[in-house]
Structure formats: C-alpha cells, structure tokens
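The values are calculated or read from the model by the stated rules, or taken from the named source; none is laboratory data. Treat the numbers as computed from the prediction; the structure is a model and nothing was measured. So basically every Cβ, Gly included, is an ideal-geometry build from the backbone, and we count neighbours across all protein chains shown. The area values use the complete protein model at the heavy-atom level, side chains included, leaving out ligands, DNA and RNA. Shrake-Rupley method; radii C 1.70, N 1.55, O 1.52, S 1.80 Å.
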Amino acid sequence: MQHDDPRNGESTHRSSKKPKISSQFITESDIRDEFSHHHPRVARINNGSFGSCPGSVLAAQRHWQLQFLRQPDAFYFNSLRDGITASRKIIKDLINADHVDEVSLVDNATTAAAIVLQRIGRSFAEGKFQKNDTVLMLHCAYEAVKKSIQAYVTRAGGSIIEVRLPFPVISEEEIISELKKSIDEGKSNGRRIRLAIIDHITSMPSVVIPVKELVRICRAEGIEQVFVDAAHAIGSVKVDVKEVGADFYVSNLHKWFFCPPSVAFLYCNKSTTSSDLHHPVVSHEYGNGLPIESSWTGTRDYSSQLVVPAVLEFVNRFEGGIEGIMKRNHDQVVKMGKMLVESWGTNIGSPPQMSAAMIMVGLPSRLCLNSEKDALKLRSHLRDCYEVEVPIFHQVPKDGEEGVRDKDGFITGYVRISHQVYNTLEDYEKLRDAINQLVEDGKTCKMLFKE
C-alpha cells in the first residue's frame, strides 16, 4: 500500500473534534420535505433493499455532477481526488479506523466481495493454497457473494463450507454453536480454512450476527483471514472496525447512511493487506494501492462518493446524530413488528436485541406460502394491489424439525419490515390491513397466481 501517496490523505491524521450536532433539531415537517420525492401513496417499508436519500443530499450530488459537466478537466485535476479523500476521512473516523488509507470507496458490497475473493482465487490458482482448502460462509450469505465465490474460488479449486443460520433464532449461542460445528467440518481431512465470510446483519432473513464473537472464534481456530459483509451495518448499528477485528469489512453507504446509490466503503486492515489487493476494474491507477485504484476506474459519475460530508450534515440535524437515528429506527421497527404480530397472531423471527432497523415478522399460515415463487407473487400483489413495498421470505422447513405454528398451522412466510426516518405508523397499518384482508377473503398464494 502506498502510504506516502498524498492522494491517500493524511494517514496519521486523527480528528480530535466530534462532528457538530445542530442545536435546532430537524422537525417531522422537515423530514417530510427531505423525502417529498418518494411516491406519496406507497408504504415504503423496504429501506433495506435500496436505501433512501434526502433532498438536501440529492442537491449536493447535483452540485458535484454539474461541476464535472461544466468543466471536466478542472473537476478531474482539481476537485475529484480531494473530494473523495474528504469522504474517506469522514468514514475513517466514523468506523474508528487507524488510517485513511485503510478505507476505499467502491460501488457496493458486491464490488468489495469481488476484490477480496479475487485475491483468494489467485492464491488457489497460483498454488499458494492447496486444492480443497476452503472458504467458510453463512448459508444465507447474499447471493452475489455466493456467485463471487463460485466465480473466483471454486473455479480455482477451492471448496465451500456453509454455516447454517438457525431461523427463527432465539439466541446468539445458537449461531455460535453452528459456526463451531462448521469450522470442525472445514478443518477435516487436513484442509485449511483460508477465509471466513461473516455477515454483520444478514439480508434474508434479517438477523444481527454476534460478529465480534464469531471473528474471535475464527482467530482462535487459526482461520487466516476474515471478511465481514456488513452491507446493512453503517447507519443501523455501531461500526467499530478495531473492535470487530476482521481483516476486511464492507458496508454500503446508500442503504442506511443516506448516500445516493451506489457507494460503499471497504476497510482493509493495514497490518494484513498487501499490494496484491486490486480493484476488479483495471485503470490508470493500477498498482497505486486499492484506495487510489478505486478513486478512478474510468470516466463515470463519482458524485455518490463525494456527498459524504453532506450526509454527515444531514444526520447531525437529528437529536443524537447517527446514534440517535439508529435508536429511533430500532425502537420503531420493534414496536411495529410487535403490532403486526398482535394483529396476525404470529411471531417475530429474532429477539429485539438481534434486530437493528429491520425485523422479520411471521405471516399467517392461512396464506399457504410454500415456495420462493409464492413469496415473489405475494410481494408483487402487495405492491400492485395495495401499494405496499415489502420483501417476503419463504422459510424452508428443516428435515425432522417442526416449525413455528400459529392457530391454523405452520408459519412458512415472513415479511422483512424496515424502519427509516421517513416512515410513519400508517405505512405499517397499510401492510397489516392488506394481509388481514387477504386472510379474511380466504385468499392463498396459490389463488394469487390465478388472478
């Protein structure tokens, strides 16, 4: 890594000042104005998928875009690098990294996974790792991460061990126990686990994972490198990369941190990374260290990487800043989840302390949700007929295990509800009433396919 490259910023700099939080906090009317570009009739309780961006940040983005369009050369030579460095410094302080050159800005968590797994794949291909050495991951890892393992690791001779995530989950100990079993499997027959991929917050089903404890166990078991896929983390849970202790940590800034799509940070621990970590898009900056490689991958719109200072200004208008927003969203999503459970007579998929700004709520068994196809059909039906946007999860029963029941049968479907600052009680009441109407009308998922 090029620590003396000025484009990396002051790697030894640590801000001694906390960001100023406004003495005049944002009002509910201000929040409505900031998100007035949202569709006014849609109950948008799916922030976890694509995030949201307030109007003031969109205005800042437009400012950066116009700077480029007015005079591209001046923008490239005089503004772009400094702007990206300023954003990286803010992220460095937010996540408690030691050096700004440990932080790269990339498009999304999928790009970050490709960066890390590309390196692992090369080690297999070049004979540094033995054939059938393995990569460990949760069985519900994001599908794009699974595809990256397939593209970079298994094609080069590596194998995969999946840790089964219990769901519904009652305690962190259940997850820890499953990890230990999978580590034993991965180390069988003389194999070595070269990389563990651990989610901080799983996507579907959504559960906050005891990531610090899992990383500690991986270290104790001799796993060489740990990559934390924390796509949903920043803005919804505390992120302290030194406490987590992983080699690599990625989180999207456009999901819960109000950046426009798409941008993520990739943290690479300085003590464990080397010069063979590269952006998958090779451009003029190849070989100058990942942060610099990532700052220029050809002519494109870099504005989402440049608006981090504007986002910080926005979140600091809330009482408590980003911590206040996280508490607000967590408290509200738990409250809304309990309201739905009471109405539908079902269950919550994980305890409140294992939820952040998303929570899984069981759907009434009378909907007869029996497949992923059913889940997609119900999601489309809620969008098209009730103007409710929410993801649906199909819970596949494990062999020999009985699932959770409501008064009519086994619960096989869950909604993943999100709460962001723009959400209101009416959004969740709209979902509640839509599901109740379907049940009262005797509609099942099978019937929806015929409509």
Burial ranking of peptide ranges 167-178, 237-248 (average Cβ count within 10 Å, highest at the top)
237-248, 167-178
Percent of beta bridges antiparallel (DSSP, the chain, rounded to nearest 5)
50
Based on Cα coordinates alone, diagonalise the gyration tensor for the chain, multiply each eigenvalue by 5, take square roots, and list the semi-axes in whole Å, largest first.
36, 30, 19
Taking a 1.4 Å probe, which of Tyr302, Tyr386 shows the most accessible area, and what order do the others take after it?
Tyr386, Tyr302
Backbone HN-Hα couplings from phi across region 281-295 [Karplus 6.51/-1.76/1.60, Hz, Gly and Pro as x]:
8, 8, 9, 4, 8, 4, x, 9, x, 4, x, 6, 4, 6, 7
What are the equivalent ellipsoid semi-axes of region 224-378, built from the alpha-carbon gyration tensor (square roots of five times its eigenvalues), in whole angstrom, biggest first?
36, 20, 17
Per-residue ³J(HN,Hα) for region 255-260, Karplus 6.51 cos²θ - 1.76 cosθ + 1.60, θ = phi - 60°, Hz, x for Gly and Pro:
7, 10, 10, 6, 6, x
Residue-averaged 222 nm ellipticity for the chain, from DSSP H runs of 4+ at -39500 (n - 2.57), nearest 500:
-12000 deg cm²/dmol
Show me the ranking of peptides 354-364, 305-315 by mean Cβ neighbours inside 10 Å, starting with the highest.
354-364, 305-315
Regarding region 317-447, what's the average projected area of the Cα-atom convex hull, expressed in nm²?
8.5
Expressed as a rounded percentage, what relative contact order does region 128-182 have, with Cα pairs under 8 Å and six or more residues apart?
41
Given H placed 1.01 Å from N in the peptide plane, which residues other than close sequence neighbours of Gly158 have an amide H under 5 Å from its amide H?
Asn132
Multiply the residue separation of Ile176 and Leu58 by 0.36 nm, subtract the distance between their alpha-carbon atoms, and state the gained length in nm to one decimal.
38.3 nm
Using the heavy atoms of the protein chains and a 1.4 angstrom probe, tell me the accessible area per residue for the chain in square angstrom.
44
In terms of modelled amide H atoms, which long-range or inter-chain residues lie less than 5 Å from the amide H of Val228?
Ile198, Phe248, Tyr249, Val250
Which FRET efficiency value, to the nearest 0.05, is calculated for Glu126 and His37 with the Förster distance at 51 angstrom and r the Cβ-Cβ distance?
0.55
Listed by chain and number, the lysines with an alpha carbon less than 18 angstrom from that of Lys147, same-chain partners under 8 positions apart left out, are none
With Rg from the Cα atoms and Rh as the Kirkwood inverse mean 1/r over Cα pairs, region 208-309 has an Rg/Rh of 1.00
Non-local amide H neighbours of Ile193 (under 5 Å, H modeled in plane, Pro and chain starts lacking H): which ones?
Thr134
In region 341-398 the accessible area split gives carbon plus sulfur, as whole percent at 1.4 Å, a share of 52
Among the Cα-Cα pairs of region 72-314, the proportion with separation greater than 31 Å, in percent, is 21
